Every structure is written in C-alpha cells, then in structure tokens.
1. Answer yes or no as to whether residue 49 is open to solvent by less than 40 Å² (accessible area, probe 1.4 Å), within 21 Å of residue 35 (Cβ to Cβ) and modelled with pLDDT of 95 or more.
2. Return the residue satisfying two criteria in turn: it lies in the range 77-97 and is in contact with a Pro (Cβ under 8 Å, 6 or more places away or on another chain) and part of a loop (DSSP other than H, G, I, E, B), and of such residues it is farthest from residue 139 (Cα to Cα).
3. Could you please let me know if residue 21 is under 14 Å from the mean Cα position of the chain (by Cα), closer than 14 Å to residue 128 by Cβ and either free of Cβ contacts under 8 Å to residues at least 24 places away in the same chain or open to solvent by less than 20 Å² (accessible area, probe 1.4 Å) (or both)?
4. Can you pull out the residues in the range 41-63 that are within 24 Å of residue 140 (Cα to Cα) and touching a residue at least 12 places away in the same chain (Cβ under 8 Å)?
5. Among 148, 153, 133, which is the only one that is surrounded by 12 or more Cβ atoms within 10 Å (Cβ to Cβ) and either of a type outside the set (Lys, Arg) or modelled with pLDDT under 85 (or both)?
6. Looking at 60, 5, can you tell me which residue is assigned to a strand (DSSP E or B) and touching a His at 6+ places or on another chain (Cβ under 8 Å)?
Amino acid sequence: MSTVTESVDVHVPVRTAYNQWTQFESFPHFMKGVESVRQIDDIHSHWVVDVAGAKREFDTEITEQHPDERIAWKSTSGETEHAGVVTFHRLGESDTRVTVQLDWEPEGFVENVGSAIGADSRQVKADAQRFKEFIEERGTETGEWRGEVDIPEKRA
C-alpha cells in the first residue's frame, strides 16, 4: 500500500473550499487524468481516469463527511483499490489549509515504479495546486453539499 499526503493553502474561506470539494463532477477541471466523475447518489460516485495511458473505472463511497472539516472515501469496485481523506483547516477568515491523504494499492510494474519514485506524490501535489488556482480564480464554489455522513459503524 502506498500513502501520499499533500497540503495546500488556499485564499478562500473554509466553507468555500469545502463546498467546492463536494462537487465531485468538477474534479476533471483540476485533477489531471480524471476524465469524469458521475455522482450516483449522496455517497456514491463513478470515476473514469487515465493515468499514464492506463484507463481505469471504479466506484467510490463516502465513508465519513462533516461540513467544513473532512471528507473520507474508499473505492468499492473496479481495478483501483484506494481510500483517502481530505481535511479543511481554517487559517483565517479567508484562508484554508486543504490536506489530502491518499492510500492506494499500485497495480502492475508501471504503477509500482511510479509509486517508488514519487510520481504519485507529485501528481497529488500538482492536483492540489490546480485546486488552489481553480477556487481562487473563481472566488466562489460551483455548488455545495452540506450533508453529514457518519463512519460506517455509526450508520448501522
């Protein structure tokens, strides 16, 4: 299992940064290799990605979500096994630190080599920087979902 953690400080209020991150279908605007994300319901989405020529499709489930604080997810199907969390930290009225932690299982020679040389970390860092540019340039979110999702044990 490979783990990547990257942070970026964005010059927007925590609510704006969080709200934008809940708009999964906008991810292709700032995540390289993400071709599309289709929201199925409040906690499920379907992803199509192309990373280094390897096209993959997978489904994800939000496992925990608390407005202005955190969104955690895991893959539920497809070839790409991963899980992660993004957290939002208020630095001031108009400044937020966004931290992304991604745990994933590289598949095959190319992904294992990419992980070993830090390509996955560089990709997450570049995507975080593109998120910063996207949200700061807009100055406002494209939408929002402020629902709560409790960890699976609390949902049962």
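The values are calculated or read from the model by the stated rules, or taken from the named source; none is laboratory data. Keep in mind that this is a model prediction, so the values were computed, not measured. A quick note on method: Cβ atoms are made from the backbone with ideal geometry, for glycine too, and the neighbour counts reach across all protein chains shown. When the accessible area is computed, the model is the full protein with side chains, heavy atoms only, and any ligands, DNA or RNA have been set aside. Shrake-Rupley method; radii C 1.70, N 1.55, O 1.52, S 1.80 Å.
1. Details: open to solvent by less than 40 Å² (accessible area, probe 1.4 Å): yes; within 21 Å of residue 35 (Cβ to Cβ): yes; modelled with pLDDT of 95 or more: no.
Judged against the criteria, residue 49 is not a match.
2. Filtering first and then ranking leaves 93.
3. Working: under 14 Å from the mean Cα position of the chain (by Cα): yes; closer than 14 Å to residue 128 by Cβ: yes; either free of Cβ contacts under 8 Å to residues at least 24 places away in the same chain or open to solvent by less than 20 Å² (accessible area, probe 1.4 Å) (or both): yes.
Yes.
4. So the first thing to find is which residues in the range 41-63 are within 24 Å of residue 140 (Cα to Cα), and the list is 41-43, 45, 62.
Residues satisfying the conditions are 42, 43, 45, 62.
5. 133
6. Values: 5 fails: touching a His at 6+ places or on another chain (Cβ under 8 Å).
One residue alone meets the criteria, 60.
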